[in-house]
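S.K.: This structure is in C-alpha cells; I'll ask about it shortly.
Bear in mind these aren't lab numbers, they're just calculated from the coordinates by the rules spelled out. Source: prediction; values computed, not measured. For neighbour counting, all protein chains shown are included, and Cβ atoms are generated from backbone atoms with ideal geometry for every residue, glycine included.
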Amino acid sequence: MTGFDALLDQHRPVRLLTAALETGSFPNVYLFSGPEGVGKKTAARTFAMACNCQGEDYIRKKRASACGQCRSCRKILSKSHPDVHWIFPSGSYIKVDQIRELCRRLSLKPYEAKTRLAIIAEAHTLNPEAGNTLLKVLEDPPEKTLFILTARQASDLLPTILSRCRHIRFNPISRENIKNYLAAHHEINAKDADIVAAMAGGSLSCATAMIEKNWIEDRHWIIKTLTELHNQSINYQLAFAEFLSKDKGRMETAFDIMKSWYRDLAVYAYVPDQLINKDLSDEIAAGSKQISMSRLLDISRMIEETARNIQTNANARLAMDNLVIAISGKGNSKKWKK
Ligand SMILES: [Zn+2]
C-alpha cells in the first residue's frame, strides 16, 4: 500500500487532505503534528504523489490518491524526484546550511512537477537560525511549491512559523490496529503482537523497531530475571545491572519493561483487564499476591528516579547497581525513602 490507505487511525487527517486534493485548494504550508511513527511522513509522501501522479486513471478520475506505479510516483517513493525535497535533521538539529541549500534549489524553476514539495521532517529540531531562514521563504513562497512540516507538537515550533501553517493533527494508533498490522506483516504470534502494540505507545514505527531488535526475547528474559532477583547472589544481581547499563538503548528498553511489569502487578487487583503484559496474566496474578502495594509504589518510583538520574548524566552503572539491589530487597533501601 502506498496511498492514504496505508495510514492507520488517521481518518480526520486523511479526510482533510483528500478534500484538499479533490478541490485542488491547499495552503502554502501544512504542519502535520503528532507522535513519532503514526504516519506523518507517509501522509506527506502520499500527498506529494497525489499532486503529481501521471497514472491515466488517476488523472481521468481526478482521484485524490496516487497510482504508485507511474514514473513520478516511483521517483517520489524512492526519494529521487528532483522536485520533491526532503529535509531531515542532521544529527540532533536541522541546520541553517540545509535550509539555505533548500532555498537555493527552490529559487530555480521546477524540473517536471506540477506541484513542487519541500517536506521538512521533525521541524521541531530546526535550530533558531535555520527556523528564521525558513520563515523568510515561507513569507514569500515560490510559485507552485507546497511546504509540509512534520513535528511532534505544534508548540515546539517558532510561533512565527506556526502562524504560517495549516495545522493537521495526527493521532496515536490504537493497540488493536498496531497488533493487527504486526500480525499481518511480521512473523509474530498474536500474543506477542499484542504486547508489542501495548508498549509501542501508539507508534507503528516504534512497534516495528521493537520487533527488529528482538524486544520480545529481551522482555521475557528481563521479567524472568526480575522475578527471580531476590533468590540470586549479589554477584548475579550486579552482573545483571552491568549488562543492562552497558548499552543506552538496552537500558531504556529495560526501564520501560520494568515499569510495565510493576505497573501491572499494582493494577491487577483493581483492573485485571487493563494489563499491558496480558500474556503473562497468570504470573502477574501470582506475583501480585507476594508484594505489597506500598513496596510496588516504592519500586516504581525508584525506577522512574533512576531513569531520570541517568538521563541527567548520573553514572549509569552505579545507578543501575543501586536499583537492581533495591528491587531484589537486599541492601539499604533507606536511600530511596523520601
Ligand atoms: Zn502515479
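S.K.: How far is it, in nm, from the label point at Gln69 to the one at Lys213 when both lie 7 Å from their Cα along the line to the Cβ?
M.R.: Using points 7 Å along Cα→Cβ, the separation is 3.9 nm.
S.K.: Quickly rank 147-156, 223-232 as a protection proxy: mean count of other C-beta atoms within 10 Å, highest first. Each step should come with its number before you reach the end.
M.R.: Working: 147-156: 19.3, 223-232: 14.9.
Top to bottom by mean Cβ count within 10 Å: 147-156, 223-232.
S.K.: Extent of region 4-169 along each principal axis, from alpha carbon coordinates, in Å, largest to smallest?
M.R.: Computed over region 4-169, the largest-to-smallest principal extents equal 44, 36, 27 Å.
S.K.: Further question on the same structure: Checking the a/c ratio against 1.5 first, then a/b against b/c, what shape does the Cα gyration tensor give for region 255-323?
M.R.: prolate
S.K.: While we're on this one: When Rg is the radius of gyration of the Cα atoms in the chain and Rh is its Kirkwood radius, what does Rg/Rh come to? List each step's numbers first, then the result.
M.R.: On the way: Rg = 24.3 Å, Rh = 22.8 Å.
On the Cα set of the chain, Rg over Rh gives 1.07.
S.K.: Where nothing but the Cβ of Lys and Arg (+1) and of Asp and Glu (-1) is charged, how large is the charge dipole of region 190-338 around its Cα centre, in debye to the nearest 20?
M.R.: Working: 20 positive and 19 negative charges, 152 e Å.
So the dipole magnitude of region 190-338 works out to roughly 740 debye.
S.K.: Let me ask something additional. Need one number: the % of Cα-Cα pairs in region 82-133 sitting beyond the 13 Å mark. Show your work: numbers first, answer last.
M.R.: On the way: 733 of 1326 pairs.
The answer is 55 percent, as a whole percent.
S.K.: Considering only the other residues whose Cβ falls under 11 Å of the Cβ of Ala314, what net charge follows from Lys and Arg at +1 and Asp and Glu at -1? Walk me through the numbers before you get to the answer.
M.R.: Working: positive: Arg308, Arg317; negative: Glu305.
Around Ala314, the surrounding residues sum to +1.
S.K.: Right, something else. On full extension of the chain, what length is gained from Ser281 through Arg169, given 0.36 nm per residue of separation minus the C-alpha to C-alpha distance? Write down the numbers at each step before the final one.
M.R.: Values: separation 112, 0.36 × 112 = 40.32 nm, distance 3.53 nm.
Residue separation times 0.36 nm, minus the Cα-Cα distance, leaves 36.8 nm.
S.K.: May I pose another question? Please report Rg over Rh for region 213-336, where both radii come from the alpha carbon positions and Rh follows the Kirkwood definition.
M.R.: Numbers: Rg = 13.9 Å, Rh = 14.7 Å.
In region 213-336, Rg relative to Rh is 0.94.
S.K.: Just want the answer: with Cβ charges of +1 for Lys and Arg and -1 for Asp and Glu, which residue in Phe255, Leu275, Ile168 is farthest toward the dipole's positive end in the chain?
M.R.: Ile168
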